[in-house]
Amino acid sequence: MSENDNKDQLGDVLDDMRDSVAAFTFDGDRAEKTHESGSPLERDLVLGEDDPRDAGLAEKPLTEDVAWIGRIFNVNRLQVELPDGRKALRDVVRHPGAVAIVALTEEGRICLVRQYRTALGRVTVEIPAGKLDPGEDPLECANRELLEETGMVAEKMAFLTTIATSDGFCDELIHIYMATGLTFDKSSPDADEFINVDLVEVGELVDAVLDGRIEDAKTVVGALICDAISHRL
């Protein structure tokens with residue numbers, strides 16, 4: 001490859017990087033902005049798109065192209081039309097979704113996995129979780145992942161909630177289940193998964209969440225749901 005080819009290739013990479021940065025922001029003249037959010041309203045809770053005003057917030061996708069293909073997820077670049085007619089770029093991570101399991105023993109302990117997360121560069125403490133296979137039922141996935149990661153088999157698996165993990169740029173949904181009636185069989189993590197498993201008192205986990213010592217979003221939600229359920233019961 002010639003020196004000019006190298007320069008051209010580097011220029012293309014830099015252009016892509018600049019486009020990626022711009023994709024998270026408005027791609028146009030900010031001085032043109034005329035809209036405001038308005039004054040806050042004291043009202044009952046109204047969920048997204050149940051308020052007639054929400055129709056005026058929608059962005060209309062004009063084009064969508066695959067910018068990057070990964071083993072677990074893809075990144076797509078969309079050009080959208082804003083509510084006022086201007087154009088903007090959006091980079092969206094397309095993810096197949098996942099499940100997470102709050103596994104509770106009869107003694108009131110919750111099953112946690114310890115796993116090194118390369119993105120953070122450290123070991124995290126989390127509830128068991130895993131990615132959905134294409135077309136897989138989330139309930140079946142929850143039972144599969146619980147067994148694979150912890151060796152636990154659940155007599156009962158109850159749906160708790162679904163969370164959008166990072167809806168500013170990712171369409172991933174994690175379906176959270178509660179597993180009870182646990183018995184130990186044998187774990188079989190994936191070939192690239194190295195995991196240690198703990199059984200911790202629920203109250204201790206909730207305290208760690210409230211103290212800010214647990215950062216993993218699905219684990220925070222799972223712990224607080226357990227706490228809320230125990231108080232309501």
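Each value in this text was obtained by applying a stated rule to the coordinates, not by laboratory testing. Since we're looking at a predicted model, the values are computed, not measured. Cβ placement follows ideal geometry from the backbone for every residue including glycine, while neighbour counts extend to all protein chains displayed.
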What distance in nm separates the simple spin-label points at residue 124 and residue 199, each placed 7 Å from Cα in the Cβ direction?
2.6 nm
State, in angstrom, two size descriptors of segment 98-232 derived from its alpha carbons: Rg to one decimal place and Dmax to the nearest whole number.
14.0, 41
Taking the convex hull of the Cα atoms, report for segment 155-233 its projected area averaged over all directions, in nm².
7.3 nm²
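What FRET efficiency comes out for residue 144 versus residue 55 if R0 is 45 angstrom and r is the Cβ-Cβ distance? Round to the nearest 0.05.
0.65
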Sorted from largest down, what three extents in whole angstroms do the Cα atoms of the chain have along their principal axes?
61, 61, 36
Over all distinct alpha-carbon pairs, what is the Kirkwood Rh of segment 113-161 in angstrom?
12.2 Å
Can you sort 94, 71 so the residue with the fewest Cβ neighbours within 10 Å comes first?
71, 94
Ranked packing of 47-59, 197-209, most packed first, by mean Cβ within 10 Å
197-209, 47-59
In whole angstrom, how far apart do the alpha carbon centroids of segment 184-233 and segment 55-70 sit?
34 Å
Describe numerically, in nm with one decimal, the distance between label points set 7 Å from Cα along Cα→Cβ at residue 211 and at residue 133.
4.0 nm
